[in-house]
Amino acid sequence: IYNGADDDGSGTTAIVELAEAFASLLPPPRRSLIFVTVSGEERGLWGSAWFASHMPVPAEAVVADLNIDMIGRNWPDTIVAIGRQQSELGPILEEVNAAHPELGMTAIDDLWPEERFYFRSDHYNFARQGIPILFFFNGVHEDYHRPSDEVDKIDFDKASRVARLIFYLGAELANRDARPEWDPEAYRQVVEGAGR
């Protein structure tokens, strides 16, 4: 049995907790938020491909996609935020993180570009639609895609702090006037297809 506690029980749990937190937020955010969990990632990003092409709003109306996939393992005070260099989401994340030192969390760039994780998780289908993305990911570990990916190995404190960081980032994005803009070269490569 592959219980997938980190991949992706940790991210799915964070999404449920974030949805509850935003639902109880008063006053509510200025922008609407859509919380989505999908399946079929390992089979070819099936769920996100379907949703990205059948969204309840036009892609142009979506400000950002924050993908949460594996946040409960590895370094206790660090999370990888893939996509930071591609849009203003990177600097916005840095501002939000600096405003919340109580989280003790450091968000870093992709440590494994040769693994092409950017193209292997569900955010990619949203990026291809022109939506700026950040992919929160703690990297793989010895239990990745194995029956040993069990809940007793999850660092709940870390996962909770990462989820709170994403909450603060989501609240900032939902309430700010300006939409995050793409880096023009990243847009050309990802959205227009030059980097595929």
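The values are calculated or read from the model by the stated rules, or taken from the named source; none is laboratory data. What you see is a predicted model, and the numbers here were worked out from it, not measured in a lab. Note that each Cβ is placed from the backbone with ideal geometry, even for glycine, and that neighbours are counted across all protein chains shown.
Here are a few things to note about the model shown:
- Residue list for segment 85-114, filter: in contact with a Pro (Cβ under 9 Å, 6 or more places away or on another chain) and either hydrophobic (A, V, I, L, M, F, W, C) or within 25 Å of VAL16 (Cβ to Cβ) (or both): LEU89, ILE92, GLY104
- The residues in segment 15-36 that are under 20 Å from ILE71 (Cβ atoms), of a type outside the set (A, V, I, L, M, F, W, C) and surrounded by 15 or more Cβ atoms within 10 Å (Cβ to Cβ) can be counted, and the count is 1.
- Residues within segment 51-90 that are surrounded by 22 or more Cβ atoms within 10 Å (Cβ to Cβ) and of a type in the set (Asp, Glu), tallied: 2
- Enumeration of residues in segment 143-179 that are of a type outside the set (D, E, K, R), buried (at least 18 other Cβ atoms within 10 Å of the Cβ) and either at pLDDT below 95 or part of a loop (DSSP other than H, G, I, E, B) (or both): ILE154
Condition check ((1) over 18 Å from the mean Cα position of the chain (by Cα); (2) among the charged types (D, E, K, R)) across all residues:
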{"site": "GLU114", "(1), (2)": "yes, yes"}
{"site": "PHE119", "(1), (2)": "no, no"}
{"site": "ASP122", "(1), (2)": "no, yes"}
{"site": "PHE126", "(1), (2)": "no, no"}
{"site": "GLN129", "(1), (2)": "no, no"}
{"site": "PHE137", "(1), (2)": "no, no"}
{"site": "PHE156", "(1), (2)": "no, no"}
{"site": "PHE167", "(1), (2)": "no, no"}
{"site": "ALA178", "(1), (2)": "yes, no"}
